[in-house]
Every structure is written in C-alpha cells, then in structure tokens.
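*Asks:* Before we start, here is the structure in question, set down as structure tokens.
The values are calculated or read from the model by the stated rules, or taken from the named source; none is laboratory data. These numbers come from a predicted model, not from an experiment. In this analysis, Cβ positions are derived from the backbone assuming ideal geometry, glycine residues included, and neighbour counts consider all displayed protein chains. Remember, those area values only see protein heavy atoms, side chains included, never the ligands or the DNA or RNA. Shrake-Rupley method; radii C 1.70, N 1.55, O 1.52, S 1.80 Å.
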Amino acid sequence: MDSLVVGLLVSLASVLCLAFLFFLIYRTHLRRLRAGTIRSATDSADSPRREISTISVPVRWMAIRSANTPLIREVLGVSDEVAVPWSESLSRAGEDFLFVSGPVDGWTLVVGGRIPDPAQDVDALYRWLNRLSRELGEVHFYSADRVLQFHSWVRMDDGRVTRAYAWAGETQWNEGRPTLEERLLGFRCRAYCEPVEPVAYGEVAPEARNTERVVLLARRWSLDPIVASRRLVQKEAVRSEGDDSSRG
C-alpha cells in the first residue's frame, strides 16, 4: 500500500514538473515573439532607424483595404485640391482636412482632423466607419494618444464590426472577441464600467502599454503606418527627382 502511494506521488510530481516545463517554454516563446514583433515594427534590414524616426505616427489614422484611390477620395469627399504630398499630410494630420495616401500593398492610409475622435464622440466614429465600410469594404481605424494614453482600434468589414475597442479614461467601446494578435501583443482590454486599479510605483499602467502597441497591432492587421509612410515618402522623393531631371 505504501509503495502504491509513493508511486502515485512520484507520478503526480512528474506530471506537475512536465506541465511547469511546458509553461516555461511557452512563456519564453511568447516573450521572444513579442520582442521580435516590436523590433521588426521599428527596424528592418532595409530601413535604418534614423530614416523611420523622422516620420511620426498621427494620433488617429485609418487603413482601407483598397488601392482604388479615386473611389476612396470620392467616398470621403476629398477633392483634388487636397492632393498634397504624403510627407506634408503627416505634418498636417491635425488640421480639419482628410488626406489620402497612395496605395501600399493593396491598402490606403487616411489621416486628418476630420476623422472622428472616439474620445469626443464614439457614436460618431461608429457611424462614420459604418458608412465607409459599407461602401469600401474592409476599413480599419486606429488611435494612440501618448500624452493622455487614450487608444482605440476598430476593424469593420462591409459595415459589420469584427472587433472594436476604445479607451478614453474608461472603456467606451468593446465589441467582439479579442483577436489572437491582441493577445500575443499583451493588450489589456477592460470591460464596460470596470474599475481602474491604482498602479504601483515603478510599474507601467496597462493603458500606457496599450497605447504604445497600437502601431504593432496595425502592422499585423493592415499596415505599419511608420514603414508605409516611409515608403510613400521615398516614392515621392524619387518621383520629384525624376521630374527635376526631366525639366533640366
């Protein structure tokens, strides 16, 4: 009887040790995956950090899964008078305009102060995105205010919300199940009316981490706005040099 109990205890200990070993392997793999994602979003073999650092991420932007620039401009009501270089669009992203990029890998970026701010009126943002998605298909919205730590991300397809989360001091919008990308990036999405616990000294608030990782989520869902903007600006520079040489 004693030998049977000892055998069972040894078997149980072996199972627990094996489970703990698998947990350590999984946690190490997840950390490496997150670290690799963060590095790849800000650094790559053909994009030196000094080039990327000159391009800032707007507080709010959209990514539309379409390369049909004329149609996007028509649906957004953007006239040809606002067709400015993308580098200038980024510097004017807070103005009361909408700026539409050229296509990048089948996607189009949109910035500008006319994009509704979920911190001001989340219902207005929903109506705006719903209308655009019904006409353009897959539409993404992202925002990241590093000062206030307000952040949000929305993904719509043909007018249907597939995932949405918006935080502005409290949860304003939380629809759909968190995606695999959100879980891998370690986002903390609070439920409606969930109280915010105080942060201990030396710790980083979940809202601050979320805000810093919005760009990484955009990269996985659609486009990294930094890398895409760098490519757009480089194309504009090459085109400008070609125009100058032809005039010369």
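*Asks:* Peptides 164-174, 59-69: what's the order by average Cβ count within 10 Å, highest mean first? Don't skip to the end; give the middle numbers.
*Replies:* Details: 164-174: 18.7, 59-69: 20.6.
Final packing ranking: 59-69, 164-174.
*Asks:* Then there is this: Roughly what would the spin-label model give for Glu95 and Tyr192, points 7 Å off Cα along C-beta, in nm?
*Replies:* Result: 3.9 nm between the two label points.
*Asks:* Leaving out ligands and nucleic acids, note down the accessible area per residue over segment 87-141 with a 1.4 angstrom probe, in whole Å².
*Replies:* Working: 2310 Å² over 55 residues.
It amounts to 42 Å² per residue over segment 87-141.
*Asks:* Can you tell me the relative contact order of segment 81-228? Whole percent, Cα pairs under 8 Å, sequence separation 6 or more.
*Replies:* Relative contact order of segment 81-228: 16 percent.
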